[in-house]
Amino acid sequence: MNKEKRREILTRLCANNPKPETELNYSSPFELLIAVILSAQATDVGVNKATDKLFPVANTPQAIADLGVDGLKEYIKTIGLFNAKAENVIKTCHMLVELHGGEVPENREALEALPGVGRKTANVVLNTAFGWPTIAVDTHIYRVSNRTKLAMGKTVDHVEQKLLKVIPAEFKVDVHHWLILHGRYTCIARKPRCGSCIIEDLCEFKDKTE
Ligand code: SF4
């Protein structure tokens, strides 16, 4: 895909949604971090249902640590993989209290050292809580980037590196939300809704639907 087309795609996605936001509910970097840890292989809707009850009761590292693993499980047991996630969240809360003064560190290395936090989660937190131009590639972004040929790659890491290279600076902070939302609602996995896609004429996918 040439750079003019790429820029036009981003310009349209931007015009359609100038201030894209995550669909996870949060009101602080810490709440966002916990919501993103819980969201692995789960829907944002499912995570919000749990955190809407959890955060009014406990929304600091110390308060969630005080719930303990079993106490936390009561709030998150509707989310997939909740046993492992409860263990990770409690360990993460202890580390935030002991190593970071109860704050979420604005630092990739420190974030990735937290249990349950990998590169993708660190990218989401750095981008959405702190405004860094990081691009967290999930299954939606991977699919949309490859289908459209916006940024092709065989792995999520390849696609992330390609996107970081080819996306113009002014679009970098928001591109991850535009692509997630496009993948979630329009360029869906099984049968993309090409007929109602705002970038249909620019997309280079060979098997577009009606
Ligand atoms: S035209 Fe179809 S394949 Fe291309 S981005 Fe739109 S929905 Fe996805």
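Rolling a 1.4 Å probe across all protein chains gives residue 194 an accessible area of roughly 20 Å².
Shown here for the stretch 68-104: GluC sites (Glu not before Pro) in loop regions (DSSP other than H, G, I, E, B) with at most 14 other Cβ atoms within 10 Å, namely 103.
Can you show me the helix-derived [θ] at 222 nm for the chain, built from DSSP H runs with n ≥ 4 at -39,500 (n - 2.57) apiece and divided by the number of residues, rounded to the nearest 500. Walk me through the numbers on the way to the answer.
Details: 10 runs with 123 residues, N = 210.
My calculation for the chain gives -18500 deg cm²/dmol from helical runs alone.
On the basis of the beta-carbon distance and an R0 of 30 Å, residue 14 and residue 103 show a calculated FRET efficiency of 0.40.
Here is the list for the stretch 1-33: GluC sites (Glu not before Pro) lying in DSSP coil, each with at most 12 other C-beta atoms within 10 angstrom of its C-beta, are 21.
A Förster distance of 25 Å, applied to the separation of the beta-carbon atoms of residue 210 and residue 166, puts the FRET efficiency at 0.25. About the centre of its Cα atoms, the stretch 10-59 shows a dipole size close to 100 debye [charges on the beta carbon of Lys, Arg (+1) and Asp, Glu (-1) only; nearest 20 debye]. Average accessible surface for the chain: 51 Å² per residue, computed with a 1.4 Å probe over protein heavy atoms with every protein chain in place. For the chain, the longest principal axis of the Cα atoms and the long axis of helix 139-148 meet at an angle of about 10 degrees.
Relative contact order (percent) for the stretch 90-210, with alpha-carbon contacts under 8 angstrom and 6 or more residues of separation?
Details: 133 pairs, mean separation 22.9, N = 121.
Once divided by the residue count of the stretch 90-210, the mean separation gives 19 percent.
For the stretch 1-139, calculate the relative contact order in percent as a whole number, restricting contacts to Cα pairs under 8 Å that are 6 or more residues apart.
It comes to 21 percent, rounded to a whole number.
Springs between Cα atoms under 10 Å define the GNM used for the chain, and in it the highest mean-square fluctuation of 134, 22, 11 occurs at 11.
So, R0 is 41 Å and r is the distance between the beta-carbons of residue 83 and residue 191; what FRET efficiency does that work out to, to 0.05? Efficiency at R0 = 41 Å is approximately 0.75. Scaled to the globular estimate 2.2 N^0.38 Å, the Cα spread of the stretch 93-132, given as radius of gyration, is 1.07. The trypsin sites (Lys or Arg not before Pro) of the stretch 123-154 that meet both conditions, a loop assignment by DSSP and at most 13 other Cβ atoms within 10 Å of the site Cβ, are 154. Specify the residue with the greatest mean-square fluctuation among 188, 135, 34, computed from a Gaussian network of the chain linking alpha-carbon atoms under 10 Å apart. Its mean-square fluctuation being the largest, the pick is 188. With every protein chain in place and a 1.4 angstrom probe, the accessible-area ranking of 198, 167, largest first, reads 198, 167. Put the Cα centre of the stretch 135-153 next to the Cα centre of the stretch 1-56 and the gap is 16 Å. Semi-axis lengths, largest first, of the ellipsoid equivalent to the stretch 101-210 are 29, 13, 12 Å, with √(5λ) applied to each eigenvalue of the Cα gyration tensor. Between the residues 79, 28, 161, the greatest Cα displacement towards the positive end of the dipole of the chain, with unit charges on the Cβ of Lys, Arg, Asp and Glu, is found for 161. Between 57, 125, 144, the GNM of the chain built on Cα springs shorter than 10 angstrom shows 57 fluctuating the most.
Using only Cα atoms, tell me the angle between helix 3-16 and the longest principal axis of the chain; keep it within 0 to 90° and round to the nearest 10. That helix lies at roughly 60 degrees to the long axis. By the Stokes-Einstein formula, at 1.306 mPa s and 10 °C, the chain with its Kirkwood radius over alpha-carbon pairs has D equal to 88 µm²/s.
Set the bar at 18 Å for Cα to Cα. Now go through 5/165; 19/172; 5/206; 19/208; 85/120 and name every pair that lies beyond it. Walk me through the intermediate numbers first.
Details: 5/165 15 Å; 19/172 13 Å; 5/206 16 Å; 19/208 28 Å; 85/120 16 Å.
Flagged as over cut-off: 19/208.
The values are calculated or read from the model by the stated rules, or taken from the named source; none is laboratory data. Since the structure is predicted, the reported quantities are computational estimates derived from the model, not experimental observations. Ideal geometry is used to build each Cβ from the backbone, glycine not excepted, and the neighbour counts take in all protein chains shown. Just the protein is used for accessible areas: all its heavy atoms, side chains included, with ligands, DNA and RNA removed. Shrake-Rupley method; radii C 1.70, N 1.55, O 1.52, S 1.80 Å.
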